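One structure below.
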Amino acid sequence: MKSRGEKGFTLIELIVVIGLLVIILAVLYNIFMVSQKSFQTGIDKSIVQQDARVCSNKISDELKLAKTVSVNPIPGGEYYSISLAPTNSVIITTYSGGVATQQEFGSYIQSLTFTTVAGSELVQFNLIVKNGNQTIPINTSVQLMNTTADLTTSSSQVYYTKY
């Protein structure tokens, strides 16, 4: 109890204020954590989308101007292949004069398959990119210029020559 002339807060008033502050801080902390998780999910999603876009564009660019496309190595001269590496990246290998050089790109590739539509100039490839909980499947058809593909079965590796 306060007597006359005494200034300050009572113990009960301080406990009530501290209790309210604890509740307010707990709510603010939860809001912060939800925002942080949402932000991280957005970053993960953008990384996966960027990886998928880069891989899809690179594969499409390589196949658009292919002279010959096959599931088997192409004898004679320089040829190339596109395949999935054990490190979950896409590898473009150049075979020239018995020497193979590789260019690797992408980081989160889970699956890569190539197919064709029978009798057409379309090569379809399916790419699955995954990082954490974010999975992006990409199904793309590439119109070949001046050639047809010889992919009688679905394949995880394709060989091709360039003009």
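Show me the ranking of peptides 132-138, 25-31 by mean Cβ neighbours inside 10 Å, starting with the highest.
Details: 132-138: 14.0, 25-31: 10.0.
Ranked by mean Cβ neighbours within 10 Å, highest first: 132-138, 25-31.
To the nearest ten degrees, helix 11-64 and the longest principal axis of the Cα atoms of the chain are 10 degrees apart. Across L21, L84, L65, mean-square fluctuation computed from a Gaussian network of the chain (C-alpha pairs under 10 Å connected) peaks at L21. Across the range 123-131, computed HN-Hα scalar couplings (Karplus, 6.51 cos²θ - 1.76 cosθ + 1.60, θ = phi - 60°) run 10, 9, 10, 10, 10, 10, 10, 9, 9 Hz from first to last residue, x flagging Gly and Pro. Between K64 and T113, the simple label model (points 7 Å from Cα in the Cβ direction) yields a spacing of 2.6 nm. A straight line joining the Cα centroids of the range 65-129 and the range 21-36 runs 50 Å.
So, R0 is 41 Å and r is the distance between the beta-carbons of I12 and V34; what FRET efficiency does that work out to, to 0.05? Intermediate values should be presented prior to the final figure.
On the way: r = 34 Å, r/R0 = 0.82.
Taking R0 as 41 Å, the efficiency between I12 and V34 is 0.75.
Can you count the Lys pairs in the range 1-123 whose Cα atoms are under 30 Å apart, with each pair 8 or more apart or on different chains?
Numbers: K37/K45; K45/K58; K45/K64; K58/K67.
Eligible lysine pairs with Cα atoms under 30 Å apart amount to 4.
Calculated on the Cα set of the chain, radius of gyration then Dmax: 29.3, 106 Å.
Every number here is computed from the coordinates shown, using simple stated rules; none is lab data. On a predicted model such as this, the values are computed, not experimentally measured, just so you know. Every residue, glycine as well, gets a Cβ built from its backbone with ideal geometry; the counts of neighbours run over all protein chains shown.
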